[in-house]
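Below is one structure; the comments refer to it alone.
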Amino acid sequence: MLVLVAPGQGAQTPGFLTPWLELPGAAERVAGWSDAIGLDLAHYGTKADADEIRDTAVAQPLLVAAGLLSAAALGPRTAFGAVAGHSVGEITAAAYAGVLSEDEALSFVRTRGLGMAEAAAVTETGMAAVLGGDQDVVVAHLERLGLTPANINGAGQIVAAGTAEQIAALEADKPEGSMKVVALKVAGAFHTHHMAPAVATLEKAAQALSPADPALKYVSNKDGQVVTSGADVVARLVGQVANPVRWDLCMETFAAEGVTGIIELAPGGTLQGLARRALKGVPNVALKTPDDLDKAAALVAEQSA
């Protein structure tokens, strides 16, 4: 079973969209999405600096747009048996699975980004990755510091989220057995109670959606479960901004479902790294630029042979 995965916030880098806009029809599609959501995606994906694209309201639509462009370049959806996304990547996954139209996905993620940016502005918060250590020990340590284990990614990586003071305390006192703590370039404590106002915003936005049931297995990062109802997918998309991401459970589901290959949409690399450590021996390709499409096509061909 070939699995398609979509990365979350933090995967973006300055200029990463540039080569993707050179694909046939890509610039026109992005221009249409930009007009629809009132955000110049081409500008931010090609000319903006790191600080500009760190802005949650910019980063999230940009990531979904890039994911959809790279997904379209892969060819028929029938090559894949399952799809999943990390954090905002779940919106990309929902569009790929046919739960949302591309226009609905871009509109929804624009609302998500703005709502989460507004929630993040209330208190100075942030996130930091804890690398290494026993999961139970790390989680207990975070909770003692008042932090939330916002992303339990598996492969020895847990992302903590909380106030700036709590993150500083973690950097000064890392969990026993962990190798290091790395502050992340995100603008808030995502997937925690700090994002509760954004949940209310998304509940209203979801009322305008017309979700269809997924056309392939949709693995939810809430709990690693395969979700078969489009309405359930949307409900999870709404709630996940204030709930931890359990990517570790997603990878466990991939293994249980018999994963034989993984392709990560643009801007790929983060989820590929986790898969290499947690799903050893499973072939994988990360779409960083269109030059990687040939490797992805070769993997698809191997899987369908």
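The values are calculated or read from the model by the stated rules, or taken from the named source; none is laboratory data. Bear in mind that the values here come from a model prediction, so they are computed numbers and not experimental data. A quick note on method: Cβ atoms are made from the backbone with ideal geometry, for glycine too, and the neighbour counts reach across all protein chains shown. Note: accessible area is taken over every heavy atom of the protein model, side chains too, but ligands, DNA and RNA are not part of it. Shrake-Rupley method; radii C 1.70, N 1.55, O 1.52, S 1.80 Å.
Give the residues of segment 280-298 that are more than 13 Å from residue 2 (Cα to Cα) and either aliphatic (A, V, I, L, M) or in contact with an Asp or Glu (Cβ under 6 Å, 6 or more places away or on another chain) (or both), sorted by residue number.
Filtering segment 280-298 for residues more than 13 Å from residue 2 (Cα to Cα) gives 280-281, 286-295.
Across segment 280-298, the qualifying residues are 286, 287, 293.
Given the structure, is residue 110 at pLDDT below 95 and more than 30 Å from residue 179 (Cα to Cα)? Break it down into steps so the answer makes sense when it comes.
Numbers: at pLDDT below 95: no; more than 30 Å from residue 179 (Cα to Cα): yes.
Here the answer is no, as residue 110 does not meet what is asked.
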Residue pairs, Cβ under 7 Å, 6 or more apart or interchain, first in segment 236-254 and without any contact (Cβ under 8 Å) to a residue 40 or more places away in the chain, second assigned to a helix (DSSP H, G or I) and open to solvent by less than 10 Å² (accessible area, probe 1.4 Å). List them. 238/202
Residue 181 being assigned to a helix (DSSP H, G or I) and either open to solvent by less than 40 Å² (accessible area, probe 1.4 Å) or more than 27 Å from residue 58 (Cβ to Cβ) (or both): no
Could you pull out the residue among 156, 132 that is of a type outside the set (Lys, Arg), at pLDDT below 95, within 19 Å of residue 270 (Cβ to Cβ) and open to solvent by 10 Å² or more (accessible area, probe 1.4 Å)? 156
For the condition under 23 Å from residue 293 (Cα atoms) and among the β-branched types (Val, Ile, Thr), what is the one hit in 88, 99? 88
Would you say residue 38 is in contact (Cβ under 8 Å) with a residue 24 or more places away in the chain, surrounded by 15 or more Cβ atoms within 10 Å (Cβ to Cβ) and at positive phi? no
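Looking at segment 98-129, which of its residues are aliphatic (A, V, I, L, M) and open to solvent by less than 40 Å² (accessible area, probe 1.4 Å)? So that I can check it myself, show each step before the final result.
Narrowing segment 98-129 to residues aliphatic (A, V, I, L, M): 99-100, 105-106, 109, 114, 116-117, 119-122, 127-129.
If the condition is that a residue be aliphatic (A, V, I, L, M) and open to solvent by less than 40 Å² (accessible area, probe 1.4 Å), then 99, 100, 105, 106, 109, 116, 117, 119, 120, 127, 128, 129 are the ones that fit.
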Taking segment 211-255, which residues are open to solvent by less than 20 Å² (accessible area, probe 1.4 Å), aliphatic (A, V, I, L, M) and either under 19 Å from residue 155 (Cβ atoms) or part of a helix (DSSP H, G or I) (or both)? 219, 233, 234, 237, 238, 241, 245, 251
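Which is open to solvent by 50 Å² or more (accessible area, probe 1.4 Å), hydrophobic (A, V, I, L, M, F, W, C) and out of contact with any helix residue (DSSP H, G or I) (no Cβ under 6 Å at 6 or more places or on another chain), of 301, 296? If you could, list the steps in order and put the result at the bottom.
Working: 296 fails: open to solvent by 50 Å² or more (accessible area, probe 1.4 Å).
Result of the check over 301, 296: 301.
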Pick out the one residue from 204, 222 that is of a type outside the set (S, T, N, Q) and closer than 19 Å to residue 271 by Cα. 222
Within segment 76-95, the count of residues that are closer than 21 Å to residue 56 by Cα and of a type outside the set (A, V, I, L, M, F, W, C) comes to 6
Only one of (1) assigned to a loop (DSSP other than H, G, I, E, B); (2) modelled with pLDDT of 95 or more is not met by residue 75, so which one is it? (2)
Test: residue in segment 276-299 that is within 30 Å of residue 123 (Cα to Cα) and either among the charged types (D, E, K, R) or assigned to a helix (DSSP H, G or I) (or both): no
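Confirm whether residue 168 is open to solvent by 30 Å² or more (accessible area, probe 1.4 Å) and at pLDDT below 95.
On the way: open to solvent by 30 Å² or more (accessible area, probe 1.4 Å): yes; at pLDDT below 95: no.
Criteria not met by residue 168.
Taking only segment 2-21 into account, find how many residues are open to solvent by less than 30 Å² (accessible area, probe 1.4 Å) and in contact (Cβ under 8 Å) with a residue 40 or more places away in the chain. It would help to see each step written out before you state the result.
Keep residues of segment 2-21 that are open to solvent by less than 30 Å² (accessible area, probe 1.4 Å), which gives 2-8, 11-12, 15-17, 20.
Checking which are in contact (Cβ under 8 Å) with a residue 40 or more places away in the chain leaves us with 2-8, 11-12, 16-17, 20.
Going through segment 2-21 one residue at a time, the tally reaches 12.
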Residue check for residue 212: of a type in the set (Gly, Ala, Ser) and touching a helix residue (DSSP H, G or I) at 6+ places or on another chain (Cβ under 9 Å): yes
Check residue 167 against each of (1) farther than 22 Å from residue 247 by Cα; (2) assigned to a helix (DSSP H, G or I) and name the one condition it does not meet. (1)
